[in-house]
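Everything below concerns the one structure shown next.
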2 protein chains.
Amino acid sequence: MTTPPYDFATGNTNPETFPAEDFAAAAAAAIPELTVELNRYPGKLGHARMRRLMAEREHDREGVRIDPDHIVLTNGSMQAITLVAETLCADIDAGGDKCVVMEAHNYVGTIRAFDAMGIEMVGVAQDAQGMRTDDLAEVMDRLAAEGRRPRFIYTLATYQNPTGAMMPRDRRQALVEIAAKHDCVVVEDNCYGDVHFEGEKPPALYALDPGPRQIYICSLSKIFAPGVRLGYLTAAPEMLERILAFRNDAGPNTLAAALTAAYLDGRLWQHVEMANAALKTKRDAMLAALESELGNLCSWSRPVGGLFIWLRLPDDVSVPALQTAAEARGVTFADGANFHIHGQAGPYIRLAFGFPPVDAIRDGIAELGAAIRDIRGA
Amino acid sequence: MTTPPYDFATGNTNPETFPAEDFAAAAAAAIPELTVELNRYPGKLGHARMRRLMAEREHDREGVRIDPDHIVLTNGSMQAITLVAETLCADIDAGGDKCVVMEAHNYVGTIRAFDAMGIEMVGVAQDAQGMRTDDLAEVMDRLAAEGRRPRFIYTLATYQNPTGAMMPRDRRQALVEIAAKHDCVVVEDNCYGDVHFEGEKPPALYALDPGPRQIYICSLSKIFAPGVRLGYLTAAPEMLERILAFRNDAGPNTLAAALTAAYLDGRLWQHVEMANAALKTKRDAMLAALESELGNLCSWSRPVGGLFIWLRLPDDVSVPALQTAAEARGVTFADGANFHIHGQAGPYIRLAFGFPPVDAIRDGIAELGAAIRDIRGA
């Protein structure tokens, strides 16, 4: 597959800020120290230094101390999501209700995984501030009235994918309270956490509710690189034990965790700040290009973090038609329908700005604008 | 957890032959070349150089050319096993028969995974030459007579875990023919493949049957290191597509695959021969120690490859009693009952010889002998 010149389709990260030299030096220094560990199976939790580092990361961001032995490394956050879903839906054959409540527009990988697992997805309405908790309350009450009990509430509260929305603190508090009222587990997927450009940083849900109801998932894919496939999860010990009983992969990747920890240890936030500054420049370039090319035609989100802009097309431009026209001009993007839990078509597309250079962002958005005008003129 | 001085419990590899310096150098040289690839999601197949290298490995061993695009990298062979099992058991809700035919003593990780997936395991008798194909024929005929159709036959034909048995060519041929007669998929787990000490190397099952019925799984855990979590699978294109539809992990580890490929490329067999020579010395040391310490008390396998010796205890020594007595002397091993598909207790233990130094093997087997004699004397 040839990469299109203007690839806005995938949530890749910025190669320009990848610390290749320092990472190579850290890796070369770390490998000889790893000889014994690499020759053993990793165990269910994974490389200790990375777990300690991620406990520090959570403490620095949330002010909460997590025991590193309550952190489980996973092959990206996706393995954490499927492990948790398997665990919480395990007794379905015993007559349970295999249903999950989540933002109606959500990450396509999660939607596909839940679909493959036979999970019924119940959508909650969203706006520029993320999941609408008034709608969540209604959905949960309605399900309860029907005698149904969802397995968990799944939320991307921070820099939501695909909408880019940041849920403010009052909604987070409301979400936690609704979950408590219905005694429902909350699975918070914070995989974009720390890809922060400006504004407030409301607390993670687990920082608002220290009880056993919260399961928290995070990742290094967006602050370091997706190719290292490093995610992690934390939960109360009893829940963690239930989740680990479903781990049948002989453990997470020691090499990737150890080398990445060797690089990040002592400079995690310095690295994150450097990477975020470059991503903010790219976001600004995309917002500026959208304004100048599409300002009178479309509307779009203004994300304060994450990797995506969510764009609403004019009603007379269909997404499939635009995909064809844009591809002819070397532009790819993601169809918003793929991110709807039931594949519902709509006037939305998702634009990823992390990977392409600033010049390509400018030129590509100009091409996208031309493609839209072509369609409208035809 | 403190490591016991004489750890014969786990199938770890030999740290003494781990090429730490050369691997560190290869990693440091490779990382800068990987900047773009690491910042993208890996795709469903994984790092191309490693897939090409594994296609070469298979060609060198089996004389069969596999298109590298028909090789899928996985997080260890365990992910390959669970992906394949998920795929082949997917239509169970539509009334299928979720049953798998396999060696009755088998890898504990596979047994646990199948168990968690609700798979019914039907055992086939084994001897020093692996799965007894006369019994396989009977089992398959019996199931057919009952109107049942197993989802697949799962076999560790080469250096079987836990028994260490090597299935000779005629049995492999028979297995392939029985599978054809019943039109049953065969899943061959060759994760110990290439940990070879002496004697013939019969062909893999896929080399005996080029048809679409064979699924083949292999690994780098035993020829390089388990901490890199690198496995792979290959199958006919249509089957591969079905399997990939179940991959929901956003792809395999680029970093681990790329660094390991950078080291192994051009010296795969040289590395394997060096590692095998040291493992053979360890196997020989364990066999010699068993002979001198337990020659008149126990019987055991004499594996021509792999990492394990399968030992039969005297009838008056129970495994749990021996575990307690041996642990007090710093010796750990695996209870054979864990490797039985239905957990059936028996007079067997599995001894792993890959990880401990030769001295520890000698001293540890002496302690094991003393523990056995203690129990018999009591």
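Out of (1) surrounded by fewer than 18 Cβ atoms within 10 Å (Cβ to Cβ); (2) modelled with pLDDT of 95 or more; (3) on the phi < 0 side of the Ramachandran plot, what's the single condition that is false for A:Gly330?
(3)
Please go through the stretch A:205-232 and pick out each residue that is assigned to a loop (DSSP other than H, G, I, E, B), under 16 Å from the mean Cα position of the chain (by Cα) and farther than 24 Å from A:Asn14 by Cβ.
If the condition is that a residue be assigned to a loop (DSSP other than H, G, I, E, B), under 16 Å from the mean Cα position of the chain (by Cα) and farther than 24 Å from A:Asn14 by Cβ, then no residue fits.
Of the residues B:Ala104, B:Ala80, B:Ala85, which is in contact with a strand residue (DSSP E or B) (Cβ under 8 Å, 6 or more places away or on another chain), away from chain A (no Cβ under 13 Å), in contact (Cβ under 8 Å) with a residue 24 or more places away in the chain and within 16 Å of B:Asp189 (Cα to Cα)?
Unique residue meeting the criteria: B:Ala104.
Conditions (1) touching a helix residue (DSSP H, G or I) at 6+ places or on another chain (Cβ under 7 Å); (2) touching a residue at least 24 places away in the same chain (Cβ under 8 Å); (3) farther than 27 Å from B:Thr82 by Cα, marked per residue:
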{"site": "A:Ile178", "(1), (2), (3)": "yes, yes, yes"}
{"site": "A:Glu198", "(1), (2), (3)": "no, yes, yes"}
{"site": "A:Ile215", "(1), (2), (3)": "yes, yes, no"}
{"site": "A:Ile243", "(1), (2), (3)": "yes, yes, no"}
{"site": "A:Ala258", "(1), (2), (3)": "yes, yes, no"}
{"site": "A:Ala261", "(1), (2), (3)": "yes, yes, yes"}
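Any idea which residue in the stretch A:108-138 is farthest from the chain's Cα centre (by Cα), counting only those that are away from chain B (no Cβ under 14 Å) and of a type in the set (S, T, N, Q)?
My answer is A:Thr133.
Can you say whether A:Ala325 is outside any strand (DSSP E or B), modelled with pLDDT of 95 or more and surrounded by fewer than 20 Cβ atoms within 10 Å (Cβ to Cβ), as far as the supplied structure shows?
So A:Ala325 does not fit the description; no.
Tell me, which residue of the stretch A:220-242 that is of a type outside the set (A, V, I, L, M) and closer than 15 Å to A:Arg51 by Cα is surrounded by the fewest Cβ atoms within 10 Å (Cβ to Cβ)?
Residue satisfying both the conditions and the ranking: A:Thr234.
Yes/no per residue for (1) within 23 Å of B:Gln160 (Cβ to Cβ); (2) at pLDDT 95 or above:
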site	(1), (2)
B:Glu56	no, yes
B:Gly76	yes, yes
B:Ala90	no, no
B:Val100	yes, yes
B:Val108	yes, yes
B:Glu120	yes, yes
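I'd like to verify a number: residues in the stretch B:271-311 that are over 18 Å from B:Phe355 (Cβ atoms) and under 21 Å from the mean Cα position of the chain (by Cα), how many?
5
The rows are residues; the columns are (1) of a type in the set (Ser, Thr, Tyr); (2) over 30 Å from B:Ala116 (Cα atoms); (3) surrounded by 16 or more Cβ atoms within 10 Å (Cβ to Cβ).
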site	(1), (2), (3)
B:Asp316	no, yes, no
B:Ala334	no, no, yes
B:His340	no, no, yes
B:Gly343	no, no, no
B:Ile372	no, yes, yes
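Could you tell me whether the stretch B:249-270 includes any residue that is surrounded by fewer than 20 Cβ atoms within 10 Å (Cβ to Cβ) and either part of a helix (DSSP H, G or I) or under 21 Å from the mean Cα position of the chain (by Cα) (or both)?
yes
Do we find a residue being among the small types (Gly, Ala, Ser), within 28 Å of A:Ala20 (Cβ to Cβ) and within 14 Å of chain B (Cβ to nearest Cβ) anywhere in the stretch A:292-314?
no
Report those helices (runs of 4 or more DSSP H) wholly inside the stretch A:68-184 carrying at least 1 residues which are in the same structural domain as A:Ala258 (by TED's automatic domain parsing), surrounded by 15 or more Cβ atoms within 10 Å (Cβ to Cβ) and in contact with a Leu (Cβ under 6 Å, 6 or more places away or on another chain).
So the answer is A:76-88, A:133-145, A:169-181.
Before we move on, is A:Pro237 more than 10 Å from chain B (Cβ to nearest Cβ) and without any contact (Cβ under 8 Å) to a residue 40 or more places away in the chain?
Judged against the criteria, A:Pro237 is not a match.
In the stretch B:239-278, which residues are over 30 Å from B:Pro32 (Cα atoms), among the aliphatic types (A, V, I, L, M) and in contact with a Leu (Cβ under 7 Å, 6 or more places away or on another chain)?
B:Ile243
Taking the criterion of being more than 26 Å from A:His196 (Cα to Cα), assigned by TED's automatic domain parsing to the domain that holds A:Ala275 and either of a type in the set (Gly, Ala, Ser) or assigned to a helix (DSSP H, G or I) (or both), would at least one residue in the stretch A:298-319 satisfy it?
yes
Can you pull out the residues in the stretch B:315-336 that are more than 25 Å from B:Asn161 (Cβ to Cβ) and acidic (Asp, Glu)?
Within the stretch B:315-336, just B:Asp316 meets the criteria.
Please work out if A:Ala180 is modelled with pLDDT of 95 or more, more than 19 Å from A:Phe114 (Cβ to Cβ) and not hydroxyl-bearing (Ser, Thr, Tyr).
yes
Between A:Ala245, A:Ala250, which is on the phi < 0 side of the Ramachandran plot, aliphatic (A, V, I, L, M) and not assigned by TED's automatic domain parsing to the domain that holds A:Leu307?
Testing whether each residue is on the phi < 0 side of the Ramachandran plot, aliphatic (A, V, I, L, M) and not assigned by TED's automatic domain parsing to the domain that holds A:Leu307 leaves just A:Ala245.
Which count do you get for residues in the stretch B:343-366 that are in contact with a helix residue (DSSP H, G or I) (Cβ under 7 Å, 6 or more places away or on another chain) and assigned to a helix (DSSP H, G or I)?
Of the residues in that region, 5 qualify.
Only residues that are facing another protein chain (nearest Cβ under 7 Å), surrounded by 20 or more Cβ atoms within 10 Å (Cβ to Cβ) and not polar (S, T, N, Q): list them for the stretch B:1-33, please.
B:Phe18, B:Phe23, B:Ala24, B:Ala27, B:Ala28, B:Ile31
Is it the case that B:Gly199 is within 17 Å of the chain's Cα centre (by Cα) and among the small types (Gly, Ala, Ser)?
no
Out of all the residues in the stretch B:282-305, which are touching a strand residue (DSSP E or B) at 6+ places or on another chain (Cβ under 9 Å) and small (Gly, Ala, Ser)?
B:Ser299, B:Ser301, B:Gly305
Out of curiosity, is A:Ile31 assigned to a helix (DSSP H, G or I), under 21 Å from the mean Cα position of the chain (by Cα) and of a type in the set (Val, Ile, Thr)?
no
So A:Ala278 clears everything in (1) over 19 Å from A:Ala125 (Cα atoms); (2) away from every other protein chain (no Cβ under 14 Å); (3) surrounded by fewer than 18 Cβ atoms within 10 Å (Cβ to Cβ) except one condition, right? Which one?
With respect to (1) over 19 Å from A:Ala125 (Cα atoms); (2) away from every other protein chain (no Cβ under 14 Å); (3) surrounded by fewer than 18 Cβ atoms within 10 Å (Cβ to Cβ), A:Ala278 is out only on (2).
Table: residues versus (1) hydrophobic (A, V, I, L, M, F, W, C); (2) not assigned by TED's automatic domain parsing to the domain that holds B:Gly336.
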position	(1), (2)
B:Thr10	no, no
B:Ala28	yes, yes
B:Thr35	no, yes
B:His47	no, yes
B:Arg51	no, yes
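If a residue has to be under 29 Å from the mean Cα position of the chain (by Cα), of a type in the set (Lys, Arg) and within 7 Å of another protein chain (Cβ to nearest Cβ) to count, how many in the stretch B:34-54 make the cut?
0
The values are calculated or read from the model by the stated rules, or taken from the named source; none is laboratory data. As the structure is a computational prediction, the values presented were derived from the model and not from experiment. So basically every Cβ, Gly included, is an ideal-geometry build from the backbone, and we count neighbours across all protein chains shown.
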